[in-house]
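Just below is one structure, and these are the notes that go with it.
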Amino acid sequence: MLEKTYDPATLEKEWYQYWENSGCFAPSGKGKPYCIMIPPPNVTGHLHMGHAFQQTLMDILIRYHRMKGYNTLWQVGTDHAGIATQMVVERQLIAENQSRHVIGREAFLDRIWQWKNESGGNITRQLRRIGASVDWSKERFTLDEGLSKAVIEVFVQLHQEGLIYRGKRLVNWDPVLKTAVSDLEVESEDENGSLWYIHYPFPEGSGSVVVATTRPETLFGDVAVAVHPEDPRYRALIGKMLQLPLTDRLIPVIADDSIDPAFGTGCVKITPAHDFNDYAMGARHSLPQLNIMNLDATLNDAVPKAYQGLDRFVARERVIKDLNALKLIEKIEPHILKIPKGDRSGAIIEPLLTDQWFVKVETLAKPALEAVENGNIKFVPDNWSKTYFEWMRNIQDWCISRQLWWGHRIPAWYDDAGNIYVAKDEAEVRIKYKLAATLPLRQDEDVLDTWFSSALWPFSTLGWPENTELLQTFYPTQVLVTGFDIIFFWVARMIMFGLKFTNEMPFETVYIHGLIQDQNGQKMSKTKGNVIDPIDLIDGIDLPALIQKRTYGLMQPQLAKAIEATTSEEFPNGIPAYGTDALRFTYATLATSARFIRFDLKRIEGNRHFCNKLWNAARFVLMNTEGKMGDESTVKSWSTADNWIVSAWQRVKLAVEKHLGEYRFDLAAQALYDFTWNEYCDWYLELTKPVLNSMNENSTAAGARFTLITILEEMLRALHPFMPYITEAIWQKVAPLSGISGKTIMLQPYPESSVECHDLKAEADIEWLKSIILAIRNIRGEMNVPPSKRVPVLFFNGNSEDQTRIKNYSEWLSALAKLESLHWLKPDDTRPPAATALVGDLEILIPLGGLIDKDAEINRLQKEIDKLNKELEKAKQKLSNTNFVENAPKDVVDQEIARQLEFTASLAKLNGRLEEIKNS
RNA sequence: GGGUGUUUAGCUCAGUUGGUAGAGCGUCGCCCUUACAAGGCGAAUGUCGGGGGUUCGAGCCCCUCAACACCCACCA
């Protein structure tokens, strides 16, 4: 027997260990392969709501397919997350008054590896807590030996084919991290700034041209002023020279179509080394690129002495002040502009000319685009493919070098003359390029963008470039489960590299789930202080601990107070423990096709109740079956209820299969929830009670026991992918009673729908029975008749089928509607004053006796009559429309006619009853 | 500027080829009823964002407007 109360904490503890230790997570080696690659979380990270949500969905798919007999692999692993991880450890050093530059590259890397080894287990421990059935024996890390080998292989090959090149380009430079970042790692935000109108005088000594700029400090890098070629104000000036203020340089006026004459003055200063637009224009006009900044965004020695070494924003103030003194500022306008910031550091990005490595993506993008266009790779929901197309059709070369230490070091070597050699390692370089052993070579200092190794994840984890058995079996993988925020960062690049290096799609389907937000629709973030740790939902947490967690280690400590206040308001008692299964089930029900998902504690609370419901239903079943089960052959007869619940269950299984096939976890979960609670518990269990308690020798108790246990056992299997722990715990007790042996539910087959089990007559009978019971309960409820009070019921005016059914099912009627007695009235019997309900033609009377208030019943009837009248009006109106009668399909018209007749008949009866009771 | 979404009950959301508007939570009654008070039974609640169109019929299809959200892009 199960414990009296459902306690997730104790039952979740045992099972994961057991599953893992018995190798249940490893591929079976039998059946069609089914493989999902985990989007590798940052190795030093910790689980957040998004992870837990995503991993739950993957685990549902994995457990479902494993039970369906697939050879299932959920490949697990973590990412080295270059910038993010390096930043964490750098911050630690700073706290110790150290810096990576002081301790040096080697010591710094040692330090990160040490940190990785200490905290790298966090995320995997947490994965276990949510029940993720990943194959731990195959765990990988993007910086491990095998994956590094794959990275080098890819780099060398792409370089050889000319698809990776090195060049001095304008890139997004993060002056705080002192590294280049890709376009995707830059986030632009609107900010209030100014537009400065500056005079650029003619060298002749009088007059000037006024240019408008948001970045006056870059004036030192100006190499031209551009105007629109058709602009009548400036046409005559094209080709003339201007005096660049604060300098002794002269720069030309040039003409370019891209200039908007309506903006500012129609004159634009051109700074090719510090602006992407100007860079392109510079290229068009063969202008020099004049870099005026150092790597930390201070001005370099290309600017006048007075400004050298100043930070760009200090320099700005200085330039404005000096221009003002020279009366060269015409005016200043407030202006809203986009400020580019690094997504990690938050530093304002500076376009800077540096030597970097790039992937030439155009040729890689073409097949990747086609793979989605022709449906070889499907996005679910489908509209995400549009987002993918938009980006891929306008794709720019990818800057892959990072001036960091933590990552895959670029396999390129330089000699003193600056020649570049690319190969697997230095020895190979010397062989490949036939270099003398004595020629000094130094390796490129830079590492690769983290996403470069992530792009190889689907095949590098399986052993590529070796043609391993794993790779042969599980590649291409079946589905990628991820958020839309990394479609460009990751999904697109996996498709490009997958097609390039394996000639196959890395996955068949990309399922894009929504992003979790807090209950107010805000993104969960540390600075907002609204983060919820999924583990705290499982175990619970008290308010002080929650506040401590949310305010600890804030980048902006001044936010702590506000966070404490909102947290206290929102969770005055902390967060109660809900258990893993309730959390997982909640994630499933939240996985609609919506883009953003608001996480509300109410939902998880409801689902903990669902767990409890299931638990108690199982207790009821066990209580009535343990020690009382024969095998199926001893069952003499099946009741209508048995046949009904079996039949209804088939539909549910079918629905679940359909919904999971379409990645509608919400609908699948909903279908199971509804059946479990609203059919199995609310009706079937209640219907078995009179049978199980009956003293009658010929009763169908054996059939009820058998049905109770077999349906429950199947429900557990069907629910297992959603709620692995509770289903396993219950199943252990239930399975033996239903004649099933097995060590664990997770390796049992997933229940399948069977058409032969459909029983339409039983379904119709039980639907009828339900409506009679509901009608009586409605009267009872409306009249406030307490459940303990049994009532007499009179039936009147029904057809022969009603009579048969009432005869057959009177025991159920009495039990579920709490009847004291049950009689048929003949047409000429006198009817006592009574409350009335209708089910089809059948009239149900509950005599007023002392328990029903006459006026209340009059009100109730009148309400009912009003409702019917409205419906009748609608039906009449439709049928009086000749267009409808002539054009609508016959069955729709017939249905409307039937409705009209039914409403009319019902109204006649109810009105009669109303008169009777008024006159009584 | 380009693109993609969202708008349905008090709240959070379903609504699958157009055919009688649903769930959970909350609210309001009556109940400790031998699985479950983490529960049972009953009830109330919607001009499906606005306007137009197609159709016998629109929450669903088309057009348009509005609000909100997100993504991409070089307006100095």
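The values are calculated or read from the model by the stated rules, or taken from the named source; none is laboratory data. Just so it is clear, the structure is predicted and the values come from calculations on it, not from any experiment. Here the Cβ is made from the backbone with ideal geometry for all residues, glycine too, and neighbour counts use every protein chain on show.
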Q | Residue in segment A:655-668 that is over 21 Å from the mean Cα position of the chain (by Cα) and within 30 Å of A:N383 (Cβ to Cβ) present | A | yes
(Q) Among the residues of segment A:349-394, what is the count of those that are closer than 30 Å to A:L290 by Cα and more than 9 Å from RNA strand B (Cβ to nearest atom)? (A) 14
Q.
Go through segment A:839-862 and report how many residues are farther than 18 Å from A:S771 by Cβ and surrounded by fewer than 16 Cβ atoms within 10 Å (Cβ to Cβ).
A. 9
Q: State all residues of segment A:784-835 that are more than 27 Å from A:K761 (Cα to Cα), within 16 Å of RNA strand B (Cβ to nearest atom) and either β-branched (V, I, T) or surrounded by fewer than 20 Cβ atoms within 10 Å (Cβ to Cβ) (or both); if no residue qualifies, say none.
A: A:N784, A:V785, A:P786, A:P787, A:S788, A:K789, A:R790, A:V791, A:E820
Q: State the number of residues belonging to segment A:870-896 that are more than 9 Å from RNA strand B (Cβ to nearest atom), under 47 Å from the mean Cα position of the chain (by Cα) and surrounded by 14 or more Cβ atoms within 10 Å (Cβ to Cβ).
A: 1
Q: Mind listing just one residue for me: the one in segment A:257-278 that is buried (at least 19 other Cβ atoms within 10 Å of the Cβ) and under 41 Å from the mean Cα position of the chain (by Cα) and, of those, farthest from RNA strand B (Cβ to nearest atom)?
A: A:A273
Q | Filtered residues of segment A:728-737 (kept if buried (at least 21 other Cβ atoms within 10 Å of the Cβ) and in contact (Cβ under 8 Å) with a residue 24 or more places away in the chain) | A | A:E728, A:A729, A:I730, A:V734, A:L737
Q. What residue, of A:Q92, A:Q98, is modelled with pLDDT of 90 or more, of a type in the set (S, T, N, Q) and assigned to a helix (DSSP H, G or I)?
A. A:Q92
Q) Residues in segment A:136-166 that are over 23 Å from A:K360 (Cα atoms) and either assigned to a strand (DSSP E or B) or touching a Leu at 6+ places or on another chain (Cβ under 6 Å) (or both): how many? A) 2
Q: Taking the options A:K876, A:K870, A:K854, A:K863, name whichever one is farther than 18 Å from A:A908 by Cβ and out of contact with any Gly (no Cβ under 9 Å at 6 or more places or on another chain).
A: A:K854
**Q.** Where a residue in segment A:513-539 is on the phi > 0 side of the Ramachandran plot and its partner, wherever it lies, is within 14 Å of RNA strand B (Cβ to nearest atom), with Cβ under 7 Å and at least six apart
**A.** A:G521/A:F596; A:G521/A:R598
Q) Only one of (1) near RNA strand B (Cβ under 10 Å from one of its atoms); (2) more than 30 Å from A:I512 (Cβ to Cβ); (3) surrounded by fewer than 18 Cβ atoms within 10 Å (Cβ to Cβ) fails for A:D674. Which number is that? A) (2)
Q.
I'd like to know if segment A:652-672 contains one or more residues that are charged (D, E, K, R) and in contact with an Asp or Glu (Cβ under 9 Å, 6 or more places away or on another chain).
A. yes
**Q.** Residues (buried (at least 24 other Cβ atoms within 10 Å of the Cβ) and in contact with a Lys or Arg (Cβ under 9 Å, 6 or more places away or on another chain)) located in segment A:706-717
**A.** none
Q) If only one of A:G205, A:G266 is free of Cβ contacts under 8 Å to residues at least 12 places away in the same chain, on the phi > 0 side of the Ramachandran plot and assigned to a loop (DSSP other than H, G, I, E, B), which one is it? A) A:G205
Q) Which pairs have Cβ atoms under 9 Å, sit 6 or more apart or on different chains, and link a residue in segment A:745-766 that is modelled with pLDDT of 95 or more to one that is exposed (fewer than 12 other Cβ atoms within 10 Å of the Cβ)? A) none
Q. Regarding A:T586, is this residue in a helix (DSSP H, G or I), more than 18 Å from A:Q55 (Cα to Cα) and in contact with a Lys or Arg (Cβ under 7 Å, 6 or more places away or on another chain)?
A. no
Q. If a residue has to be surrounded by fewer than 18 Cβ atoms within 10 Å (Cβ to Cβ), over 20 Å from A:I130 (Cα atoms) and more than 8 Å from RNA strand B (Cβ to nearest atom) to count, how many in segment A:572-622 make the cut?
A. 3
Q: Determine, yes or no, whether A:R777 is free of Cβ contacts under 8 Å to residues at least 60 places away in the same chain and within 16 Å of RNA strand B (Cβ to nearest atom).
A: yes
Q: Please give the helices (runs of 4 or more DSSP H) falling wholly within segment A:627-744 in which 3 or more residues are in contact with a Gly (Cβ under 9 Å, 6 or more places away or on another chain) and under 26 Å from A:I36 (Cα atoms).
A: A:724-737
